[in-house]
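A short write-up of the structure that comes next.
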Amino acid sequence: MKILLMCGAGASSGFMAQAMRKAAKDQGLEDIDVIARSEAEMANNLKDTDLVMFGPHLAYKKDALAKDLEQYNVPFTFIDKDAYGSIDGAATLKQALDVLKDTKPVETKVEIKEESKVQSTVEEQKGFMGWITNSLSPKLDKLTQNVYIMAIQQSIMSILPMIMIGSVSSIVGVFRRFEILSWIPDISQLNTFSFGLIAIFLTILVPMKVLEKKGNEKLKISAMLTSLALFFIITIPTIDGDAGTIAFVMDKIGTGGMLTSVVTAIFTAWIFNVASNHSLFKKDTVMPDMVVSWMDALVPVTITLVIGLIIMNIGFDLPLFIRGLFAPIATFGQTWIGLIAITFFTCFLYSFGFTWILFPIAWAIWMEGMDANMAAVAAGQVATNINLMETVMGITYIGGQGCTLALVIMCMRSKVKRLKAIGDVCLLPAIFNINEPIVFGAPVVWNPILMIPLCLNSVVIPSIMYFVMRIGLVPIPSAPMQMWYLPNVIQGYLATGSVMGVVLVIVLFIVSWFIWLPFFKVYEKQQYIEENSKN
C-alpha cells in the first residue's frame with residue numbers, strides 16, 4: 001500500500017511521513033509505504049498510489065486538486081488539522097486506513113456536515129471577518145485554481161533543488177574567504193549551470209504543467225520542446241554561420257530572463273491548448289494514431305515558431321520589453337513599502353489558511369533583485385536590493401513566516417497540556433523554518449488572538465531588517481543563498497557573509513518574542529480555563 005503525502009514544498013509533510021512510518025512499524029504494518037512530496041511533484045509520484053493525503057493548509061485548493069487527480073482515479077483526503085499540528089502519525093495513519101476501507105469515508109461525511117455548519121455560520125458573519133469569508137476567500141479560491149497560475153507556482157517549486165544547488169557554490173565562496181580554507185576549489189560555475197539557468201527550466205516546466213492539468217498529454221512533449229525553441233529565438237542570439245556558432249547572453253537565459261521565459265511558456269501552452277480542440281482529421285479517420293498526433297502537433301509548433309522568427313527578424317527585443325514592463329513592480333518591491341506589502345499580505349492570507357498565493361510575484365521580485373545585486377558587485381559597485389529570498393525567508397522567517405519559533409518555545413513552556421504537547425513536536429520543524437504544524441496545531445489560522453502577532457511580526461521584523469541594512473549595519477546579500485530550511489542564525493551569516501547577520505537574527509528573534517508574548521498569554525489563559533473546566 002502506497003500513501004502519498006503532499007504539502008507546498010514537501011517539508012512539513014516529510015515530518016508527518018516519518019511519524020506515519022514509525023506508527024506503521026509499531027503496529028506491524030510492514031506493507032505500508034508512506035512518502036512525502038511537494039505539490040509540484042504530485043503527478044510524477046501517483047504510480048501505484050492508493051491514497052493521496054494533503055496538508056490541511058491546501059484545503060482552499062480542494063476543487064483544483066480534485067480536478068488534477070480525477071484523471072488518475074486516485075482517492076484523496078485532507079489530513080486532520082489536529083493530527084497535522086501535533087504530527088500525530090498514528091492518528092493520520094488511522095485516518096488513511098479508514099478512508100481506504102470505504103468509498104465514502106467517514107472523513108468525507110464529517111467534512112460535509114462541518115461545511116454545512118460552517119456555511120450557516122458564514123452567512124451570519126458580518127463586518128471584517130464576514131468580508132473575508134464571504135467575499136475575499138471565494139475570489140482567492142478562484143484565483144488559485146487558475147491553471148496557468150498553478151502551473152507557474154508548481155514549476156517554481158520544481159526547480160527549488162536547482163536553486164539550492166546554486167546556493168552551495170555561494171556557501172563555498174563564504175568559506176573560501178577564510179585563509180585557513182582558501183585551498184577549497186572555486187566551484188562558482190556550479191551556480192552558473194543551476195541557478196543561472198532558471199529561465200530555461202521554467203520555459204520547459206510551465207507548458208508541461210499546464211498541459212498536464214488540461215489533460216492534454218499527447219501534445220505535452222511537443223509543447224515543452226516548442227516553448228524552449230521559442231525562448232531561444234526571442235532572446236535574439238548572435239549566429240555566426242561561417243564559424244558555425246550561436247551565442248546567447250547569459251542574463252537573458254538566467255534570472256534576468258525569468259519573466260520572458262514565463263511569458264513564452266504561457267503563450268506556447270495557450271497555443272497548444274487551442275490547437276488541441278481542433279484536429280486535421282476526423283475521429284473515424286483511417287490514419288494511424290501516431291501520424292494523427294504528429295500532424296496535430298505540427299500546426300501549433302509551426303504557428304509558435306513562425307511568430308518567434310518574426311519577432312527576431314524585425315529586431316524586437318522582447319526580453320527587454322518585458323523587463324521594462326515589470327521594472328515599476330520590481331522597483332516598488334525594493335522599497336520599504338514594497339517589502340512590507342509582500343511580507344504582510346503573505347502572513348495575512350496565511351492566517352486564513354491561504355499559502356503560496358503571492359509566491360510567484362515575490363519570487364520574481366527576489367530573483368530580479370538578486371540578479372541586479374550580483375551584476376552591481378561584478379561591476380565593482382555595491383548591492384542595494386534588500387527585498388530578496390535570502391533576507392525575507394533566510395533572516396526574517398525565524399521558524400517560518402510570521403516568526404513562529406518564539407510561539408513554539410512558548411507553547412513548550414506552557415502549563416496547558418495541549419499547547420505543551422504541540423510545542424514539543426513542533427520544535428524540530430520550526431528550527432528548520434517549517435511552521436505549518438504550529439500554525440494549524442496551536443492553531444494560528446482563523447484564531448483572532450494569534451492572527452494579530454503573526455501579522456504584526458510580518459511588518460515589524462522586516463522593517464527592522466530593512467533599515468539596518470539600508471544604513472549599512474548589516475551587509476546586503478549579493479550572492480544566492482536560498483537554503484530556507486537551514487536555521488536562521490546559519491543563514492544570517494551565510495547570506496550576509498558577516499557576523500552582524502547572526503546578531504541581526506538574534507535581535508529579530510527577541511523582538512518577535514515580545515510581540516508574541518502578550519497575545520500568547522491571553523490565549524494560554526483562555527485554553528487553561530477550558531482545559532480545567534473539562535477536567
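The values are calculated or read from the model by the stated rules, or taken from the named source; none is laboratory data. This structure is a prediction, so every number in the text was calculated from the model and none was measured. Cβ: placed from backbone, ideal geometry, glycine included. Neighbour counts: every protein chain shown. Heads up: the accessible areas ignore ligands, DNA and RNA and are worked out on the full protein's heavy atoms, side chains in. Shrake-Rupley method; radii C 1.70, N 1.55, O 1.52, S 1.80 Å.
Listing for the model above:
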{"quantity": "Tally of residues being outside any helix (DSSP H, G or I) and open to solvent by 20 Å² or more (accessible area, probe 1.4 Å) across the stretch 419-440", "calculated": "1"}
{"quantity": "The listed residue being of a type outside the set (A, V, I, L, M), closer than 21 Å to residue 261 by Cα and either open to solvent by 20 Å² or more (accessible area, probe 1.4 Å) or in contact with an Asp or Glu (Cβ under 7 Å, 6 or more places away or on another chain) (or both), out of 209, 214, 218", "calculated": "214"}
{"quantity": "Selection from the stretch 370-413 of residues that are surrounded by fewer than 20 Cβ atoms within 10 Å (Cβ to Cβ) and assigned to a loop (DSSP other than H, G, I, E, B)", "calculated": "379, 380, 381, 382, 384, 413"}
{"quantity": "Boolean, residue 230 is at pLDDT 80 or above and either open to solvent by less than 30 Å² (accessible area, probe 1.4 Å) or in contact with a Phe, Trp or Tyr (Cβ under 8 Å, 6 or more places away or on another chain) (or both)", "calculated": "yes"}
{"quantity": "Condition broken by residue 361, with the remaining ones in (1) farther than 22 Å from residue 384 by Cβ; (2) open to solvent by 20 Å² or more (accessible area, probe 1.4 Å); (3) under 14 Å from the mean Cα position of the chain (by Cα) satisfied", "calculated": "(1)"}
{"quantity": "Sole exception among (1) surrounded by fewer than 20 Cβ atoms within 10 Å (Cβ to Cβ); (2) assigned to a helix (DSSP H, G or I); (3) not hydrophobic (A, V, I, L, M, F, W, C) for residue 485, by number", "calculated": "(2)"}
{"quantity": "Residue count for the stretch 1-48, restricted to those that are assigned to a loop (DSSP other than H, G, I, E, B), open to solvent by less than 10 Å² (accessible area, probe 1.4 Å) and out of contact with any strand residue (DSSP E or B) (no Cβ under 9 Å at 6 or more places or on another chain)", "calculated": "0"}
{"quantity": "Selection from the stretch 488-522 of residues that are surrounded by 15 or more Cβ atoms within 10 Å (Cβ to Cβ), among the β-branched types (Val, Ile, Thr) and either more than 30 Å from residue 416 (Cα to Cα) or touching a residue at least 60 places away in the same chain (Cβ under 8 Å) (or both)", "calculated": "490, 496, 502, 503, 505, 515"}
{"quantity": "Selection within the stretch 293-310 - in contact with a Ser or Thr (Cβ under 7 Å, 6 or more places away or on another chain) and of a type in the set (A, V, I, L, M, F, W, C)", "calculated": "297, 301, 305"}
{"quantity": "Selection count where residues are assigned to a helix (DSSP H, G or I) and either surrounded by fewer than 24 Cβ atoms within 10 Å (Cβ to Cβ) or without any contact (Cβ under 8 Å) to a residue 60 or more places away in the chain (or both), scope the stretch 446-457", "calculated": "4"}
{"quantity": "Some residue of the stretch 122-131 being in a helix (DSSP H, G or I), modelled with pLDDT under 70 and surrounded by 14 or more Cβ atoms within 10 Å (Cβ to Cβ)", "calculated": "yes"}
{"quantity": "Yes/no for residue 298 being part of a loop (DSSP other than H, G, I, E, B) and modelled with pLDDT under 90", "calculated": "no"}
{"quantity": "Flag if residue 443 is open to solvent by less than 60 Å² (accessible area, probe 1.4 Å), assigned to a loop (DSSP other than H, G, I, E, B) and not polar (S, T, N, Q)", "calculated": "yes"}
{"quantity": "Per-region count, the stretch 233-252, residues in a helix (DSSP H, G or I) and either in contact with a Ser or Thr (Cβ under 6 Å, 6 or more places away or on another chain) or surrounded by fewer than 22 Cβ atoms within 10 Å (Cβ to Cβ) (or both)", "calculated": "4"}
{"quantity": "Among residues of the stretch 140-173, those that are more than 23 Å from residue 373 (Cα to Cα) and among the β-branched types (Val, Ile, Thr), counted", "calculated": "4"}
{"quantity": "Odd one out for residue 343 among (1) at pLDDT below 95; (2) over 21 Å from residue 231 (Cβ atoms); (3) buried (at least 20 other Cβ atoms within 10 Å of the Cβ); (4) touching a helix residue (DSSP H, G or I) at 6+ places or on another chain (Cβ under 7 Å)", "calculated": "(1)"}
